[in-house]
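Below: the structure, in structure tokens.
The values are calculated or read from the model by the stated rules, or taken from the named source; none is laboratory data. Not measured: the values here are computed from a predicted model. Glycine also receives a Cβ, built like all others from the backbone with ideal geometry; neighbour counts cover every protein chain displayed.
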Amino acid sequence: MPLPIDLPIVDHHCHLSPTGEGVGAARRFAKAGGTHLFLATQNYAGAVPTSLQTYREQFAMTEELARRIGEETGVVAYPVLAPYPVDLLGAAAQIGLSAATELQFQALELAAHRVEEQAAVALGEVGRPHFPVPIEMAAASEAVFVRALETARDVGCPAVVHSEDLDANGYRSVADLASRASFPVGRLVKHYARAVVPAAVRQGIVPSFVARRELTTSSLAQDPPWFWETDFLDDPTRPGAVLDLATIPRRALAIAADPDRVDRLRIPFVESIETVYGFTPRTASRAGR
Ligand SMILES: [Zn+2]
């Protein structure tokens with residue numbers, strides 16, 4: 001059974017790089033049946049930014065890639081912008097912790113402006129290092145995380161969170177930070193969710209599951225909202241990591257072959273986007289149709 005013609009096929013978190021496969025990867029995604037990408041920014045220069053100007057150029061590059069993807073492949077790419085939380089550590093080593101913290105605040109402001117101007121759809125990745133850090137770094141990271149959520153709250157957009165794997169305690173700690181920032185947990189997405197954690201202990205936080213085969217299967221039974229992502233890095237030194245960009249269209253095609261499960265595909269590809277982001281992804285065209 002082919003994919004329903006009106007069903008968008010969405011990768012909720014990936015990165016593309018002008019020095020990697022770039023737009024070509026989006027073309028492969030389209031050929032496999034993909035229609036929409038949430039395109040998270042990254043440090044394209046391969047160095048941690050130590051100035052606001054570098055973030056300005058980085059965000060502009062993400063937007064430029066999104067524009068070219070639309071023009072050259074027909075795939076709709078939604079930019080997701082923020083200073084990468086782990087940048088704080090590298091920047092602190094070069095310009096000191098307080099200047100590095102201030103830089104994160106300013107870059108969050110910059111990203112929020114792009115959301116206000118409808119050039120981006122969410123702040124991300126925001127959060128905290130996924131590994132243990134010295135106590136003063138952990139405190140500064142937490143301050144930046146709370147500021148990120150306050151900033152997202154002020155512009156009324158979702159926040160896409162980078163963090164360690166969250167268990168019940170982890171979800172509770174992130175929900176506590178959201179509550180400190182008066183940020184609605186229903187718009188807080190845990191990116192790179194590697195396990196199904198029962199909704200009862202997720203505190204309302206929305207998981208974006210890494211689209212490994214077992215996880216796509218087990219997540220399908222979850223109540224909405226939730227997403228699927230590849231977290232494709234487009235790093236020539238790590239080809240196909242985390243998952244290849246063609247993965248989600250392939251999984252969707254396999255699931256669509258099962259008449260009992262095909263309707264569930266509307267959860268990650270339509271309903272959850274409506275619930276969390278507040279818009280409906282429009283299906284333009286699917287390659288080969
Ligand atoms: Zn990512």
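Looking at (1) free of Cβ contacts under 8 Å to residues at least 40 places away in the same chain; (2) farther than 22 Å from V262 by Cα; (3) in contact with a Lys or Arg (Cβ under 6 Å, 6 or more places away or on another chain), can you tell me which one P184 breaks? Exception for P184: condition (3).
For the stretch 219-256, the candidate set comprises residues that are within 23 Å of V206 (Cβ to Cβ) and among the polar types (S, T, N, Q); within that set, the residue that is nearest to the chain's Cα centre (by Cα) is T230. Scanning the stretch 268-282 for residues that are of a type in the set (A, V, I, L, M, F, W, C) and in a helix (DSSP H, G or I) returns F269, V270, I273, V276. Among the residues of the stretch 92-103, none qualifies, meaning not one is within 16 Å of the ligand (Cβ to nearest atom) and buried (at least 17 other Cβ atoms within 10 Å of the Cβ). The set of residues in the stretch 153-177 being aliphatic (A, V, I, L, M), surrounded by 15 or more Cβ atoms within 10 Å (Cβ to Cβ) and more than 16 Å from the ligand (Cβ to nearest atom) consists of V155, V174, A175, L177.
Restricted to the stretch 22-133, the set of helices (runs of 4 or more DSSP H) holding at least 2 residues that are more than 26 Å from A178 (Cα to Cα) and not aromatic (F, W, Y) comprises 23-31, 52-73, 87-95. Filtering the stretch 151-167 to residues that are of a type in the set (D, E, K, R) and either under 22 Å from Y78 (Cβ atoms) or in contact with a Pro (Cβ under 7 Å, 6 or more places away or on another chain) (or both) leaves R153, D154. I want to confirm something. Restricting to the stretch 1-17 and keeping residues that are in a loop (DSSP other than H, G, I, E, B) and touching a Leu at 6+ places or on another chain (Cβ under 7 Å), which single residue is modelled with the lowest pLDDT? Top of the filtered list is L3. Within the stretch 31-56, residues that are of a type in the set (K, R) have Cβ atoms under 8 Å from residues that are modelled with pLDDT under 95 in these pairs: K31/A287; K31/G288, counting only partners at least 6 apart in sequence or on another chain. The set of residues in the stretch 240-262 being closer than 30 Å to A47 by Cβ, of a type outside the set (D, E) and either in contact with a Phe, Trp or Tyr (Cβ under 7 Å, 6 or more places away or on another chain) or in a loop (DSSP other than H, G, I, E, B) (or both) consists of G240, A241, V242, L243, L245, A246. Considering (1) over 25 Å from V185 (Cβ atoms); (2) within 16 Å of the ligand (Cβ to nearest atom); (3) assigned to a helix (DSSP H, G or I), the lone condition that A148 does not fulfil carries the number (1).
Residue by residue, here is whether (1) at positive phi; (2) surrounded by fewer than 20 Cβ atoms within 10 Å (Cβ to Cβ); (3) among the hydroxyl-bearing types (S, T, Y) holds:
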position	(1), (2), (3)
L3	no, no, no
H15	no, no, no
G22	yes, yes, no
A25	no, no, no
G33	yes, no, no
F38	no, no, no
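Can you pull out the residues in the stretch 239-251 that are more than 13 Å from the ligand (Cβ to nearest atom), crowded, with 22+ Cβ neighbours inside 10 Å and of a type in the set (A, V, I, L, M, F, W, C)? Of everything in the stretch 239-251, just one residue is more than 13 Å from the ligand (Cβ to nearest atom), crowded, with 22+ Cβ neighbours inside 10 Å and of a type in the set (A, V, I, L, M, F, W, C), namely I248.
Could you tell me whether G96 is on the phi > 0 side of the Ramachandran plot and at pLDDT below 95? No; evaluated as a whole, the condition is false for this residue. Filtering the stretch 119-128 for residues that are within 16 Å of the ligand (Cβ to nearest atom) and more than 20 Å from L37 (Cβ to Cβ) leaves a non-empty set. The lone criterion from (1) of a type in the set (F, W, Y); (2) within 16 Å of the ligand (Cβ to nearest atom); (3) over 16 Å from the mean Cα position of the chain (by Cα) left unmet by F183 is number (2).
Of everything in the stretch 192-238 that is closer than 19 Å to T41 by Cα and at pLDDT below 95, the residue that is nearest to the ligand (Cβ to nearest atom) is L233.
Would you mind stating whether R261 is surrounded by 14 or more Cβ atoms within 10 Å (Cβ to Cβ) and either among the aromatic types (F, W, Y) or in contact (Cβ under 8 Å) with a residue 24 or more places away in the chain (or both)? So R261 fits the description; yes.
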